[in-house]
Structure formats: structure tokens, C-alpha cells
Amino acid sequence: MGYLETAFNAKWALATSGTFNGPLTISQGRVVYVDQGVLKIDKEKSEITLATITPHLQYTLSLKDAIEYIQKLDAMSRKSTTYADLKDNSTFNVFYPREMKNLLYFNGEIKNEATRTCTNCGVVLPVRLLQMDHQRPKIGGQIEAVVKVMRILQLTLEEPRGPKCRQLHNAFIEAKKHPTNPWILIFTHQNFLTGTIKPTQLREESPPGNLDDRYTLNNRGSVLYAILRHFGMGDLLDICLVNGIANIRPLCSACNGGRSNKDRKYPPV
Ligand SMILES: [Zn+2]
């Protein structure tokens, strides 16, 4: 069982049924209080409901569905101490393949070494010279990293557009057609993935779409986020997803060094 599922189950076991004011959601890339919102936990029915007055909406997520989403989040999670291990992860290697190549040294010697490509500029380097970059920065980029993963799971108003997140998004949909915890297969067998991600500078930029909608949770996403925050799991969620596979990529030191720690795609307005 993953970090989030373990924490959630422990909190659910201790939680009382009832209604709770001041639930949180993510809108336009920011964590906001839902105006006059009420989060309701019904343990007897195993349901979580978020109701808001302005705008008026009511959405119920079953405990079963909530746990399924949490398991999917866990499948994409790492911690600050474990994200570097992704370099040996089979799914990471589908996105950013490692290839043996002949490299020339000063003394004319040619050595056959494991190489990988910088995801930004496209230079091919020995694996040991590449750095594991947090696409959204570890500090200040957590909310964007969370929303990015929520987008993969169809929990935002608009779908993902980037080549990695689209691939994971489609893989989760495909995996759903197969029995028993199929999303785990995405991270063990890669049958649902389509392959290598082109370096940013060597591909055509896709149009950004509706940025507000890409950074705003839908009803299902809002209920899930509200219950996780209500259970005091906000920091754990941030850590798990900012270090997770959707937010980690290999970069050469020149490309990584040129990035600011405040490098976000959607600064709050
Ligand atoms: Zn580079």
C-alpha cells in the first residue's frame, strides 16, 4: 500500500461522520476556500460530499472511488529521498530511454556507455552527467505539480496537453478496461504507454488551451482534494507529487542550471 492510501485509511478509520465548513479546492492554480462550502462525511454510506452555495453544486464521491484515485496518485508518487530512483524505473525509461552508445575520450579510446537525452536541448550524454530535474520546482511549484497529476486523472476541467501527461492520461483510461489494479501495470509492464518523449527544443509547442481550466479542479477533483486536506494530508500530497514521475525529467546541467527555482508555468494572478 502506498504512502497516501496508508495515511488516508488511518484517517478514515478515526474520522467521524458529520459536516465540516471551509473545505479547500484548487482554482486557477491556487488553493482557495470554497465560499460557503460544506464537506460531509457519511461513514455509514461510505460517501464524501462537497456542497457549495455559490456557485451551487453538490457532488458525492464514494469511498471506493476516492480510494481508487488515491491508489492512482500513489502509483505516481515518490518522496524527496526516493525520486532519484526513478532513473532505474521502467516507465521512466520508456519516456526517457537509456541507450548504450560509443563515446570518444581524450586519449582516443572509445567506451560503450549508457546514455540518455536531455529533455530540453536534446544533447545525448552519459547517464552519469544528467540531472533529475523537478519540472515544477520543489519549493513553490507544489500546487502546479499536484494539479498536473490531477489532470492526468481527469480531475481538472481540461485535459493534459504535454506529451508525458497525455500519455499517462491515456494509459490510465486504457488500463481501466482491465481487471484488478490495472494502473499498477502502467508502472510495471508499460503495455499502455506509447514511447519516447521528444526534447522540448526539438518539438513543436502545442497550444496552451484554456489555462484557467487546466489549473482548476472539477467537482470530483474538488471533493478528493477537500477530503485529503481535511484529513491533514496536504503536505504529504505535495511531497508525493512534486517528486513523482509526472514532475521529474532528465536534464543536462546547462539546461537545469539556467532554470529559476521559481519557474512555474502558471503563476497565480
Ligand atoms: Zn540540455
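The values are calculated or read from the model by the stated rules, or taken from the named source; none is laboratory data. Everything quoted here is computed from the prediction, not taken from an experiment. Virtual Cβ from ideal backbone geometry, glycine too; neighbours counted across all protein chains shown.
The test for being charged (D, E, K, R) and touching a helix residue (DSSP H, G or I) at 6+ places or on another chain (Cβ under 8 Å) holds for Arg116. Take the residues in region 218-260 that are hydroxyl-bearing (Ser, Thr, Tyr) and surrounded by 17 or more Cβ atoms within 10 Å (Cβ to Cβ); name whichever of them is nearest to the ligand (Cβ to nearest atom). Per the stated criteria, the residue is Tyr225.
This table checks each residue for (1) in contact with a Leu (Cβ under 8 Å, 6 or more places away or on another chain); (2) surrounded by fewer than 16 Cβ atoms within 10 Å (Cβ to Cβ).
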| site | (1), (2) |
| --- | --- |
| Lys43 | no, yes |
| Ala51 | yes, no |
| Gln58 | yes, yes |
| Ala75 | no, no |
| Thr91 | yes, no |
| Glu99 | no, yes |
| Asn120 | yes, no |
| Arg128 | no, yes |
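Here's the yes/no breakdown for (1) free of Cβ contacts under 8 Å to residues at least 24 places away in the same chain; (2) surrounded by fewer than 16 Cβ atoms within 10 Å (Cβ to Cβ); (3) of a type in the set (A, V, I, L, M, F, W, C):
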| residue | (1), (2), (3) |
| --- | --- |
| Asp133 | no, no, no |
| Gly162 | no, no, no |
| Ile184 | no, yes, yes |
| Thr196 | no, yes, no |
| Gln201 | no, yes, no |
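So is Arg264 farther than 20 Å from Val94 by Cβ, in a loop (DSSP other than H, G, I, E, B) and within 19 Å of the chain's Cα centre (by Cα) or not? Spelling it out, Arg264 is indeed farther than 20 Å from Val94 by Cβ, in a loop (DSSP other than H, G, I, E, B) and within 19 Å of the chain's Cα centre (by Cα).
Of all residues in region 23-72, those that are more than 27 Å from Lys148 (Cβ to Cβ) and of a type in the set (Ser, Thr, Tyr) total 2.
Do we have Lys198 as among the charged types (D, E, K, R) and within 16 Å of the ligand (Cβ to nearest atom) here? Criteria met by Lys198.
Scoring Gln154 on the criteria (1) assigned to a loop (DSSP other than H, G, I, E, B); (2) more than 16 Å from the ligand (Cβ to nearest atom); (3) outside the structural domain of Tyr83 (by TED's automatic domain parsing) leaves a single failure, condition (3).
Every test in (1) more than 16 Å from the ligand (Cβ to nearest atom); (2) touching a residue at least 12 places away in the same chain (Cβ under 8 Å) is passed by His178 save one, and that test is (2).
Filtering region 128-151 to residues that are in a helix (DSSP H, G or I) and away from the ligand (no atom under 14 Å from the Cβ) leaves Arg128, Gln142, Ile143, Glu144, Ala145, Val146, Val147, Lys148, Val149, Met150, Arg151.
Here His169 meets the list (1) at pLDDT 95 or above; (2) farther than 30 Å from Gln28 by Cα almost entirely, failing just condition (2).
Here Ile70 fulfils each of the conditions (1) modelled with pLDDT of 95 or more; (2) more than 16 Å from the ligand (Cβ to nearest atom); (3) touching a Pro at 6+ places or on another chain (Cβ under 6 Å) apart from (3).
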